[in-house]
Amino acid sequence: MTISERVVERRQDYDGTSPFPEAAEHAPAGRLQVALTGAIVVLPFIALGAAVFWWGVTFTDLLLAAILYVVTGLGVTVGFHRLLTHSSFTARPWLRAVLAVTGSMGFQGNVIDWVAVHRRHHAFTDRPGDPHSPYRYGTGLRGQLRGLAHAHLGWLFADDPTPAERYAPDLLADRAMSRVARAFPALCALSLALPFLAGWAITGTLLGGLTAFLWAGLIRIALLQHVTWSVNSVCHVIGARPFKTRRHDRSTNLWPLALLSFGESWHNGHHSEPSCARHGLDRYQLDPSAAVIGLFERLGWAGNVHWPDQKRIHRRRAGPLRQTHAPAGE
């Protein structure tokens, strides 16, 4: 049993402001995990420096980066998150597999582990047991800053495994998802090889392939990762909380990230209605992932879509005096 699981029994005593019981005893990850994670985090910034100061950027680089950002980003948001984690719709087997593959190319972990961690996050949001809550070290200024760093990136360097047997047994039993999970290293390599080969083919030069590799490969991956991590961190601290959520859940809606996150930053709406296919529950809230799911539905590729129920949303809406704190009980 992991450290986080051992303290779950004490979660009912959590007061919402103190550091989590496991915070002081959290062990660092092994050297190999730290090295690999550090490389994934640091290399894109080295690539950015090289691209800016030595080679610059071309229209081809930006076009390839945009295309791959959309494809892999929607693989994460529509595939990993809304389909596989929360079952907000069903998809034809081939579409389910395609979304799992493109999501894997976002360098955010294999599909089964990603789903398991996110389901655990929902089970213990901002309470002991949450793998990446910014309130881990308390709500004081120092604890909050340390918690933000942990929620954004630090949790990746911690030895706190999430058992897929407990949180994602359905995916472990799914042969297609198991195959995609095993192929994760190869899919990461493909995610870097595609922009290099496309840049080389379009420009006819190795330099064109190299700059495409930097911008549409490493830098594109870094941007998508940090946007996703920002939903874990910033979208639990800054923003509006118009909807009721579970006790201690401080998820927020943060509109500036809506487009880059494909609608994931309407995080309070999502935590209020986790199985809903649309996270932007209010009018004019941009949610590209929901638009894509709607397109899949019209094409007959998706079904059983859980669209917002306006009466239920009205009941979930918090009063004007409850915008800055999660409700005390539910």
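Read the figures in this text as sums done on the coordinates, not as results from a lab. Please read all numbers here as calculations on a predicted model, not as lab measurements. Positions of Cβ are backbone-derived with ideal geometry, glycine not excepted, and every protein chain shown enters the neighbour counts.
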Computed about the Cα centre, the charge dipole of the chain from +1 Lys/Arg and -1 Asp/Glu charges at the Cβ has a magnitude in debye, to the nearest 20, of 680 debye
Each label point is 7 Å from the Cα along the Cα-to-Cβ direction; what then is the distance between the points at Arg142 and Ser178, in nm? 4.9 nm
Can you tally the net charge around Glu264? Count Lys and Arg as +1, Asp and Glu as -1, for every other residue whose Cβ sits under 15 Å from the Cβ of Glu264. 0
Please list, in order along region 57-62, the HN-Hα scalar couplings obtained from phi with the Karplus expression 6.51 cos²θ - 1.76 cosθ + 1.60 (θ = phi - 60°), rounded to whole Hz, x for Gly and Pro. 9, 10, 4, 4, 4, 5
Potential lengthening between Ile46 and Lys311 on full extension [0.36 nm per residue; Cα-Cα distance subtracted]: 90.4 nm
May I ask for the angle, rounded to the nearest 10°, between helix 111-123 and the longest principal axis of the chain, with both axes built from Cα atoms and the value confined to 0 to 90°? 20 degrees
Taking only Cα atoms, what is the 0 to 90° angle, nearest 10, from helix 220-233's long axis to the longest principal axis of the chain? 0 degrees
For a quick check, take a GNM of the chain with Cα springs below 10 Å and name the residue from Glu165, Glu22, Glu264 with the largest mean-square fluctuation. Glu165
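Based on the alpha-carbon gyration tensor of region 28-241 and its eigenvalue square roots a ≥ b ≥ c, which shape applies: rounded if a/c is under 1.5, prolate if not and a/b is larger than b/c, or oblate? Provide the component values of the computation, followed by the final result.
Values: a/c = 1.98, a/b = 1.31, b/c = 1.51.
Note, shape of region 28-241 comes out oblate.
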Hey, fewest Cβ within 10 Å first, where do Arg315, Arg136 land in order? Arg315, Arg136
Can you compute the FRET efficiency between Arg298 and Leu259 using 1/(1 + (r/R0)^6), with r the Cβ-Cβ distance and R0 = 22 Å? Round to the nearest 0.05. 0.50
Sorting Gly129, Ile40, Phe184 by the position of each Cα along the dipole of region 28-241 (Lys, Arg +1; Asp, Glu -1; all at Cβ), the one nearest the positive end of that ordering is Gly129
